[in-house]
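The block underneath contains the structure these notes are about, expressed in structure tokens.
Each reported figure results from applying straightforward, stated rules to the coordinates on display, with no laboratory input. Please read these numbers as outputs of a predicted model, since none were measured by experiment. Heads up, the Cβs are rebuilt from the backbone with ideal geometry, glycines too, and the neighbour counts pull from every protein chain shown.
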Amino acid sequence: MQPTYKMAEKQKALFTRSGGGTEGEQEMEEEVGETPVPNIMETAFYFEQAGVGLSSDESFRIFLAMKQLVEQQPIHTCRFWGKILGIKRSYLVAEVEFREGEEEAEEEEVEEMTEGGEVMEAHGEEEGEEDEEKAVDIVPKSVWKPPPVIPKEESRSGANKYLYFVCNEPGLPWTRLPHVTPAQIVNARKIKKFFTGYLDTPVVSYPPFPGNEANYLRAQIARISAATQVSPLGFYQFSEEEGDEEEEGGAGRDSYEENPDFEGIPVLELVDSMANWVHHTQHILPQGRCTWVNPLQKTEEEEDLGEEEEKADEGPEEVEQEVGPPLLTPLSEDAEIMHLAPWTTRLSCSLCPQYSVAVVRSNLWPGAYAYASGKKFENIYIGWGHKYSPESFNPALPAPIQQEYPSGPEIMEMSDPTVEEEQALKAAQEQALGATEEEEEGEEEEEGEETDD
Amino acid sequence: MDADSLLLSLELASGSGQGLSPDRRASLLTSLMLVKRDYRYDRVLFWGRILGLVADYYIAQGLSEDQLAPRKTLYSLNCTEWSLLPPATEEMVAQSSVVKGRFMGDPSYEYEHTELQKIDKAVAIIPRGALFKTPFGPTHVNRTFEGLSLSEAKKLSSYFHFREPVELKNKTLLEKADLDPSLDFMDSLEHDIPKGSWSIQMERGNALVVLRSLLWPGLTFYHAPRTKNYGYVYVGTGEKNMDLPFML
């Protein structure tokens, strides 16, 4: 029974207020003001009307755990994103935004490591060229270049707009999830794996996923957020800035702000038409980012190096810009899944429509719900973290076999001699040798025989 | 979950995120009571909720005295009026195993109730010791069942499928010698294929053990160790997770 008691102790710690008793009064005044911790109990109440969500004491514990998170980290806004179920343990996910300038310390360390890697490669190539000139027999140099790594998005933009913290149960410490890279999103779309509940579990799959469970979890969270975070039409509006459209070249706006004049849409209308709901997160492009980046733009380092190489390969380098639906697109524009509507709406209670809440449920990501009532709305996800597909999952096939090197005048592939041929050759050589040496060895034979015995 | 302890059961099964809204709960409590009286069932279980495309519907099951006898299944769209689902015949079962797709929300479709029966056969669970079999045949609820201990609760072998045993006869004599015929007369979850299709977790810091089916996502079984509380509920679309082997 030890673990039960330990857990209970940890959760008891959640309930005690920080700070001593003498400072109680001062704290009361400070706490009553703005706090980034969201009103989880209110959200839980509305979701309960819809039949979704965790029990009320669990929700309260989550509220206390988030309060603890807010005290430990410099958080500007915070939201309970949802719960992802796993095989051995589940994850509670909190979506936060740090205060300005706070999170850059960790980010810089990660960037330095990757930049260091690139510099190393550059040196490697230079040395390689020098060596080649010296060697007589030049090994053909491989012309294969790895596809350019698409840079991940900056913090606070696109898929990395928010930071995510996870914990397994309220009372346990929160762990921060790393930012997501486009490669991880692209790979996450190709695999389907259950989460085990332990962040450092490797993800064994084909195509190989670049990262462990923490990265896979972050990628799935990014996909779910991009696909299912919705709000009633009019709650958010684009912030008005002049000259925006020209600069961005029609790539779409990526920022929005709350509309102070929003008056709420009647619940019945919200349930009737999907056009009354809009996505307020950016769609993730097939590239794995929200804003498109041309992968073929040479960085400065590459330009210094491979001028010779540039002229050599000019192949099909024109890549089309990927465009996705712009921000604040209504849900009625979402693609259907076979013959299935992507969203299902319900009134929470048919018996009392005047006090009901409008609930929207995603059919594409089972477990994603949103409610709206009056001026309030909220999104939540409670589920296994996988997309629904009417067809079974087909893992990616292995890559086609690489083509062999074409035989040309420089390189000719010859078959190795078989064992019989080799032995015949050896016998023939020995005969030739034996014929020439017989005369020399004739005198030594007697001595050779004595020593053998 | 038992209709008698509905509220507590819903509270304990809420870890999977799906529950019932207060108006449904209230109507369930009253209507299941009436169903029990009208159909003269010994126990009424709230089986779960199927999320259909057009509408959701709620399923309940009625059990007679003999716990392992075929259960009657009832459905309702609004939790107040319940109607019997006709039992599926063998041909329907064979046909429906080929058809795929989501539930429409209208239980008069044949496909829907055969699927229901299949799901029920696959996922209804009972902890070991909750039922016992008398030599005369009928199985009864074990009133002295005090709940599994913590160590037993974490093992898959302590849970049985709540249906007529299928694999029991295939066991070797050696294995059968270890079994207690009054308690171990159903198939255990341990030998389910594919292995790993059940996720067993402790929630609330070891005060609650939750089993979730990975093959039929939406099935949650909960049990509070050392107490008599246990139950299962299915809230989902009614589709089998055919990708399970890739996902483990």
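Key figures
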item: Long-range amide H partners of A:Trp343 with built H, under 5 Å; result: A:Asn363
item: In sequence order, calculated HN-Hα J values of the stretch A:333-339 (Karplus, 6.51, -1.76, 1.60; Hz; x Gly/Pro); result: 8, 5, 6, 7, 9, 6, 10
item: Whole-Hz ³J(HN,Hα) from phi, Karplus 6.51 cos²θ - 1.76 cosθ + 1.60, for the stretch B:199-207, glycine and proline x; result: 9, 10, 9, 9, 10, 6, x, 6, 8
item: Rounded Å value of the spacing that divides the Cα centres of the stretch A:41-65 and the stretch B:69-88; result: 31 Å
item: Along principal axes, Cα extents of the stretch B:145-248, largest first, whole Å; result: 38, 32, 21
item: A:His280, A:His179 arranged by Cβ crowding within 10 Å, fewest neighbours leading; result: A:His280, A:His179
item: Test item: A:42-51 mean partner chain Cβ contacts at 10 Å; result: 3
item: Relative exposure of B:Met186, A:Met7, judged by other C-beta atoms within 10 Å (fewest first); result: A:Met7, B:Met186
item: Inter-part distance where the stretch A:147-188 and the stretch A:313-391 are each reduced to a Cα centre, Å; result: 21 Å
item: Relative contact order (percent, whole number), chain B, Cα cutoff 8 Å, 6+ residue spacing; result: 19 percent
item: Averaged over B:21-29, number of beta-carbon atoms from partner chains that fall within 10 Å; result: 4
item: Residues whose placed amide H lies under 5 Å from that of B:Asp42, excluding near-sequence neighbours; result: B:Leu63, B:Ser64, B:Glu65
item: Cβ crowding within 10 Å averaged over residues, with B:195-208, A:201-214 ranked highest first; result: B:195-208, A:201-214
item: Estimated D of chain B in µm² per second, where Rh is the Kirkwood radius over Cα pairs and Stokes-Einstein applies at 10 °C, 1.306 mPa s; result: 85 µm²/s
item: Rg over Rh, two decimals, the stretch A:319-408 (C-alpha only, Kirkwood Rh); result: 1.23
item: Sequence-distant residues sharing a close amide H with B:Leu131 (under 5 Å, placed H); result: B:Asn142
item: Shielding of A:343-355 by partner chains, average beta-carbon count, 10 Å; result: 2
item: Value of [θ]222 nm, deg cm²/dmol, for chain B, DSSP H segments ≥ 4, -39500 (n - 2.57) each, nearest 500; result: -6500 deg cm²/dmol
item: Residue-by-residue Karplus 3J(HN,Hα) for the stretch B:47-55, coefficients 6.51, -1.76, 1.60, Hz, glycine and proline x; result: 7, x, 9, 9, 8, x, 6, 8, 8
item: Cubic angstrom per residue, convex hull over Cα atoms of the stretch A:170-234; result: 130 Å³
